[in-house]
Number of protein chains: 2
Amino acid sequence: MRFMTSSDKPDRAADAPETTDDAHTGVAALDWAAASADPQYRAAVVDLLGALAYGELAAFERLAEDAKLAPTLDDKAELAKMASAEFHHFEQLRDRLAEIGEDPTSAMEPFVAAYDGFHKQTAPSDWLEGLVKAYVGDSIASDFYREVAARLDSDTRALVLAVLDDTGHGGFAVEKVRAAIEADPRVGGRLALWARRLMGEALSQSQRVVADRDALSTMLVGGVADGFDLAEVGKMFSRITEAHTKRMAALGLAA
Amino acid sequence: MRFMTSSDKPDRAADAPETTDDAHTGVAALDWAAASADPQYRAAVVDLLGALAYGELAAFERLAEDAKLAPTLDDKAELAKMASAEFHHFEQLRDRLAEIGEDPTSAMEPFVAAYDGFHKQTAPSDWLEGLVKAYVGDSIASDFYREVAARLDSDTRALVLAVLDDTGHGGFAVEKVRAAIEADPRVGGRLALWARRLMGEALSQSQRVVADRDALSTMLVGGVADGFDLAEVGKMFSRITEAHTKRMAALGLAA
């Protein structure tokens, strides 16, 4: 994506070898037909797809709303473009749920409160906050998709990677935020606090989901998929937080 | 589009033979390179593309906002789908402006006040008003695209027809509105008033644009394109209003 520097967008092959590694083991070596014979794995994937689908739909709504804060028509169009991309991700995930015989609405409903809570707590008060949120949200979503992909059966993995491949539209925000901070360094302090609040709220809502959803959590902590234990989940959250911190620093924000 | 009956969506070949007629005359017989040699025609097309582009971007924003009124996730997804389609139309129109060497923002700016005024005056107060607005707006846009296409050079016409071809996502609204009226006939009276207000506001904003934009108006009244005179413009507005009235009747609303 334009304006992205190599520090903004890590090389996938180098940073996430597991997603390009053909030597998958455990569930990752199976396709959906084989893997879904385990009802717990199936329930976990339905949860995952439901959570991702509603996340994309909620992101669409909030980005479209935040586009109203744009100072120019170009800026508005950029945020609208991200919103539209999220909507297409939603469609892919929803269609997949229907394809495997699940009701998309039922699959999404358990996650509505967490996402709506997140967005309610993090409504940007101006355009720059909106840009930072768009960028942070998009980046964390990419990181999470990449992390989770390797733990999935080959069919679900292909879908998650396809959605991931079309993520990363938030890069346009980087240059604009950087320019605003250069023009007025005090902006940096305010946005750094904002970015920290975004991450804090995201983590707190994620914990709520993990506590509520047994099948999904079990998959993440290794009860079903391969090689995942509680320490590994902790490491995943650490890696995502660390990547966030690096991105914020690259943006001129001490996270 | 699903749920559309033949009375909702007229057969293009029968109702708008001019768009499928190969025997184009005047400007319609030229391509953009030839037609745009006339600076007045060029200015008119830039106005038209700017007006359509901002109309699509504004529609995207309002549909995305109105999606929040949806009672179910399915309904929300339907309105979000329309919003996303409008965004892709915007992209095509904006890209075409850039392709012919015009700044899209400058081309759109003269029309911002009219569209924003329209949407400000017609913010739906509930989901059914939102559905009627989505359907009416989508239908009027289709009618206008179809009418105007025949007056354009072949390249601009191809673009307008391509966008038109992807319009008509509002059909899902028909069945829902009809069901709501059946369940409570008083709803019909309220929505009929609402639809009349939408059309009135659309006409009043269109008149404002026609009064302000010389090149565009001149093209519409026949100064540049072929066969268009003031009476013809009046007829065009009549045809669009009449089609609207028919659609509203089919929906169970006396318009």
Looking at this structure, is A:Ala173 over 29 Å from A:Ala37 (Cα atoms) and within 13 Å of chain B (Cβ to nearest Cβ)?
no
Flagged in region B:119-144 as closer than 27 Å to B:Ala43 by Cα and without any contact (Cβ under 8 Å) to a residue 40 or more places away in the chain, in numbering order, are B:Ser142
Of all residues in region B:98-112 being aliphatic (A, V, I, L, M) and in contact (Cβ under 8 Å) with a residue 60 or more places away in the chain, the one that is nearest to B:Ala211 (Cα to Cα):
B:Ala107
Going residue by residue through region A:78-97, is there one that turns out to be free of Cβ contacts under 8 Å to residues at least 24 places away in the same chain, more than 10 Å from chain B (Cβ to nearest Cβ), farther than 17 Å from B:Ala64 by Cα and not small (Gly, Ala, Ser)?
yes
Those residues of region B:212-231 which are at pLDDT below 75, assigned to a helix (DSSP H, G or I) and either small (Gly, Ala, Ser) or loosely packed, with under 15 Cβ neighbours inside 10 Å (or both) amount to B:Leu230, B:Ala231
If you scan region B:195-214, which residues turn out to be within 14 Å of B:Arg247 (Cβ to Cβ) and not aliphatic (A, V, I, L, M)?
B:Arg196
Residue pairs, Cβ under 8 Å, 6 or more apart or interchain, first in region B:151-169 and without any contact (Cβ under 8 Å) to a residue 60 or more places away in the chain, second part of a helix (DSSP H, G or I). List them.
B:Leu164/B:Ser142; B:Leu164/B:Tyr145; B:Leu164/B:Arg146; B:Leu164/B:Ala149
Taking the options B:Leu253, B:Leu191, name whichever one is on the phi < 0 side of the Ramachandran plot and at pLDDT 90 or above.
B:Leu191
Can you pull out the residues in region B:44-75 that are within 9 Å of chain A (Cβ to nearest Cβ), crowded, with 22+ Cβ neighbours inside 10 Å and under 30 Å from A:Met108 (Cβ atoms)?
B:Leu57, B:Phe60, B:Glu61, B:Leu63, B:Ala64, B:Ala67
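If you check B:Tyr135, B:Tyr115, which single one turns out to be modelled with pLDDT of 90 or more, of a type in the set (Ser, Thr, Tyr), in contact with a Lys or Arg (Cβ under 8 Å, 6 or more places away or on another chain) and closer than 18 Å to B:Ala59 by Cα?
B:Tyr135
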Identify, by number, the condition in (1) crowded, with 20+ Cβ neighbours inside 10 Å; (2) within 26 Å of A:Leu220 (Cα to Cα); (3) away from chain B (no Cβ under 12 Å); (4) touching a residue at least 40 places away in the same chain (Cβ under 8 Å) that A:Gln40 doesn't meet.
(1)
Subset of region B:103-130 (residues that are away from chain A (no Cβ under 12 Å), in contact with a Leu (Cβ under 8 Å, 6 or more places away or on another chain) and either of a type in the set (A, V, I, L, M) or in a loop (DSSP other than H, G, I, E, B) (or both)):
B:Thr122, B:Pro124, B:Asp126, B:Leu128
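The values are calculated or read from the model by the stated rules, or taken from the named source; none is laboratory data. All values reported here derive from a predicted model rather than from experimental measurement. Here Cβ is always computed from backbone atoms with ideal geometry, including for glycine, and neighbour counts include all displayed protein chains.
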